[in-house]
Amino acid sequence: MADLREYCKYHEYLGVDRCLLYSLLLCDKYTANVKGEAFKSIVIKIRERYFKKISLSDNVDVTSLQRDVKKTHNGEATFISDDIRHDVMYAFVTECLVEDSDLEFFLTTASRDVISQYCRSWGYKRSEGEKCLYVPNEPEKMYYLFIEKLQLDIISHCTVSDREIHIRISQRFRVPEEILVWDKEARERYMEYAKRGTQTVHHARGMIVGCAGAGKTTLLKRLLGCSEEDIRDIKSTEGLEVHEEICDICDETRSLKARKSQENREKVNTTNVDSKTLTFFDFGGQCAYYACHQIYLTRRAFYVVVLDASKRLDQKVDKAVCDQDGSVFSGWTYGDYFVFWIKSIHTYCGSDKQKDTKPTVIIVATHWKEDIRKFRDKEELIERLHRQCPETSYLPQYVTKENVYCTDVTLPLHDLETCFFNIASDKRWNESIPKEWSFFGLEINQKKHSERILKISEITTKVPEIKEQADSYKAKKETQDMLRYYHDAGKALYFNENGLEEKVIIDAQWFIDAFKHIITDKLHFAGIPVNQRDWDEYYVTGNLRDKLLTEIWKHKDEKLSKKLKEDDENHKIKGGSYEKDKRYLQCHKKSIINFMQRLGLLAVGSESHYIPCMNRKEIEKELPDIIKESESKSSVLVYQFEFLPFFLFYRLVVACMQEDDWKVLKNDSTSCLYRNAALFRNREYNIVLSVTKDSIQLQAFHPVAGYFLEREKVCTIQKRIEEILENLSGSFYRRIQFVRGFRCRTDDTVAIAMDIMKHFLPESEIRKEDRKIMCPLHSVTDRHIIDITVLTRYWDLKSK
């Protein structure tokens, strides 16, 4: 037991007294009727296990413990003080909890009160002075007993700050894991909802990913039983196609039954809330769309990674296929894209803990014809995929004989269909949600085809339990809890934050399409009356003029208006009157771009907006020289990642652009925002942020000769960058980790495009008391001395 002294006076008490004290400790509220049967039962259990040599009379007498125990007017006894109870607990732990069987006895015998107050999971980090008993995670039974004792109350227990226990709690009570990371007040509210009644929902989601042209959409169409004509007419997916609840999971026939029409899907959704369904997300393979993919990569899904077997893994992807020319993906091979997707899935959804459930990944090799495939057989394919994985990597666990399927349009999909059914019917997709929340799932399905964004005030009035208190603070909080769940489940977009908390987007496809429209090739928008220079600027720098954005969405709204009129002759919409219809982009423009900014897809401006994933601009040649020649500059601080999702850097840049004291640096009136770097001004200092394949780098310099950096101000910049990185990485299931350090060579280095390969020195290998050391990375060849003072002069190495 943590934080109690080694010596305890209770170790010297008579056996009979220790037996009685320990028995009292294990009672409800640490209080017992000493003449009651319940207390006698616990005393007998304690005696038989630990004090077999002592004898106890039928009439339990605690008068000898009057220094430690007091009696109440009802003949009950309890401890005189909490301090005494803590000491008795320490004595009990050190004397009695010696083996696993002892802990098992304690977890099954003690009251919920003592388990709740003292027990914590193994990974829990206690606060200073906190007295607690750690329950080991091995054997697995211990966690089960701990959770079983507390029942639903464990949701509000402090031990949930240890995220490693979440999966056990979720599996036991089918509580959505995301709820366990809510604040304590919100978790307590969820317990109130759950105790009023829950409903089990079973909704599986499959994510189909891979390089462009691999056959992802064709595979999906075949699984859905589409006709050959439909399959022949397939066009490459742009952005992301959401096929909401496209299949029923039929336990009787052990199969997936496609819902052929939208009308059928709506009908089922509004009449059968207990149905088991499967949704597919078809991710466009063009790299420009990857920025929006990160929103929907989630542990709440299984993944289908599709690769083209007619292409060699070392073959470079045609730049026209993925539109990768000039982007961070330039020159990538088919093997690079495969590793990228496996790494992304593991980073966003996986875990490095052996006990945690890893994401389910199915690999499908398409174009598996003997005359065109580049692999002799399935075994050779698996071997070559393993070779693509870095040494000592976790990636091979996702490539096994059991989860790799080879197919072609001429081959049947029976085995793959069975595999998908087995995955989709698994009980892990079962979640218990409050019954009063279930109505909103139906509300989304009914309304998203006529409305895209709902106001929170409208939703609050419809929550069954709070209709009578629709204007109250509690009603609003309960509505926000419900929306937070639907956001986590991928059914809606909602953020309880300033500027966003009053609205919820209920149509994911509509939102993704809005983003897709602004990154689609400009040739798709022939006839838009905007200056050609605006297009050229946007497709090089990512700087999107607001008037161009308006015209793009207006163009799409006009197409929708035309379609609606064709579908329904009675539907009358006056040209350009977008604000009167709730389905158009223009009337929701402000809300859409605010949500996009929150997700790091763009930075909102007054006359133009910055879209990082569209920036292909190279750094001006003179900029590195300007930094290098500065009289006062810091060394380069490096954040190295095992795998860096490149769009994390985009989100970092967007977040910095929203900082009050940060302004994008200008060079001849042009923003210093580049494909792999961004320059800011923070008061009198200039800041460089850059990205490489596996690192983000930070440097500060003073632009004016004769002025020098102050360590305190540079450390403030460092602290803010690390706060943003921690916040952004926290959105990943396994929380992306980075190691901080420096490049071992400091010869006029600048952060822009600085390669740290084989030159990264982690801060753990640096002692600030050393002034100069021989580089530990190059003690044989390329030997050089590292000046520790120069490296660490401006940085706080204790802040992380």
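The values are calculated or read from the model by the stated rules, or taken from the named source; none is laboratory data. This structure is a prediction, so every number in the text was calculated from the model and none was measured. Note that we place each Cβ from the backbone using ideal geometry, even for glycine, and neighbour counts take in every protein chain shown. Surface areas here come from the heavy atoms of the whole protein model, side chains and all, with no ligands, DNA or RNA. Shrake-Rupley method; radii C 1.70, N 1.55, O 1.52, S 1.80 Å.
Structural remarks
A quick yes/no check of all residues on (1) surrounded by fewer than 17 Cβ atoms within 10 Å (Cβ to Cβ); (2) outside any loop (DSSP other than H, G, I, E, B):
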site: Arg651; (1), (2): no, yes
site: Cys656; (1), (2): no, yes
site: Phe680; (1), (2): no, yes
site: Lys693; (1), (2): yes, no
site: Ile696; (1), (2): no, yes
site: Leu709; (1), (2): no, no
site: Val714; (1), (2): no, yes
site: Ile721; (1), (2): no, yes
site: Asp755; (1), (2): yes, no
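- Selected residue (criterion: nearest to His293 (Cα to Cα)) from residues of segment 469-496 that are in a loop (DSSP other than H, G, I, E, B) and at pLDDT 90 or above: Ala492
- Per the conditions (1) within 11 Å of Ser23 (Cβ to Cβ); (2) open to solvent by less than 40 Å² (accessible area, probe 1.4 Å), the sole criterion not satisfied by Asp68 is (1).
- Count - residues of segment 173-192 that are in a helix (DSSP H, G or I), within 20 Å of His203 (Cβ to Cβ) and at pLDDT 90 or above: 4
- If only residues of segment 408-458 that are of a type in the set (Val, Ile, Thr) and out of contact with any strand residue (DSSP E or B) (no Cβ under 7 Å at 6 or more places or on another chain) are counted, the one that is surrounded by the fewest Cβ atoms within 10 Å (Cβ to Cβ) is Thr410.
- Condition met for Ser634 (more than 31 Å from the chain's Cα centre (by Cα), under 24 Å from Thr746 (Cα atoms) and surrounded by 20 or more Cβ atoms within 10 Å (Cβ to Cβ)): yes
- Those residues of segment 35-54 which are open to solvent by less than 50 Å² (accessible area, probe 1.4 Å) and either in a loop (DSSP other than H, G, I, E, B) or more than 27 Å from Asn74 (Cβ to Cβ) (or both), in sequence order: Gly36, Phe51, Ile54
- Test: residue in segment 784-798 that is assigned to a loop (DSSP other than H, G, I, E, B), without any contact (Cβ under 8 Å) to a residue 12 or more places away in the chain and among the acidic types (Asp, Glu): no
- Residue count, segment 653-682 (criterion: free of Cβ contacts under 8 Å to residues at least 40 places away in the same chain and within 15 Å of Ala751 (Cα to Cα)): 2
- Segment 390-402, residues that are surrounded by fewer than 18 Cβ atoms within 10 Å (Cβ to Cβ) and out of contact with any Cys (no Cβ under 7 Å at 6 or more places or on another chain): Pro390, Glu391, Thr392, Ser393, Tyr394, Gln397, Thr400, Lys401, Glu402
- Some residue of segment 131-139 being open to solvent by less than 40 Å² (accessible area, probe 1.4 Å), assigned to a loop (DSSP other than H, G, I, E, B), under 28 Å from Tyr473 (Cβ atoms) and not aliphatic (A, V, I, L, M): no
- Hey, Gly123 open to solvent by less than 50 Å² (accessible area, probe 1.4 Å) and on the phi > 0 side of the Ramachandran plot or not: no
- Residues (among the hydrophobic types (A, V, I, L, M, F, W, C) and either part of a loop (DSSP other than H, G, I, E, B) or open to solvent by less than 30 Å² (accessible area, probe 1.4 Å) (or both)) located in segment 658-678: Trp662, Leu665, Cys672, Leu673, Ala677, Ala678
- Evaluation of Asp408 against (1) within 31 Å of the chain's Cα centre (by Cα); (2) of a type in the set (D, E, K, R); (3) over 17 Å from Val339 (Cα atoms) (one fails), failing number: (1)
- Count of segment 640-664 residues, restricted to those that are out of contact with any Asp or Glu (no Cβ under 8 Å at 6 or more places or on another chain), of a type outside the set (Lys, Arg) and closer than 30 Å to His293 by Cβ, is 16.
- In segment 449-468, the qualifying residues are those that are touching a helix residue (DSSP H, G or I) at 6+ places or on another chain (Cβ under 6 Å) and within 20 Å of Val242 (Cα to Cα), and the one that is modelled with the highest pLDDT is Ile453.
- The residues listed here are Val780, Val790; of these, the one that is surrounded by fewer than 16 Cβ atoms within 10 Å (Cβ to Cβ), over 27 Å from Glu710 (Cβ atoms) and either modelled with pLDDT under 85 or of a type in the set (Val, Ile, Thr) (or both) is Val780.
One line per residue, one yes/no per condition, for (1) part of a strand (DSSP E or B); (2) modelled with pLDDT of 90 or more; (3) open to solvent by 20 Å² or more (accessible area, probe 1.4 Å):
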| residue | (1), (2), (3) |
| --- | --- |
| Tyr289 | no, no, no |
| Cys292 | no, no, no |
| Val305 | yes, yes, no |
| Arg312 | no, yes, yes |
| Val321 | no, no, yes |
| Gly326 | no, no, yes |
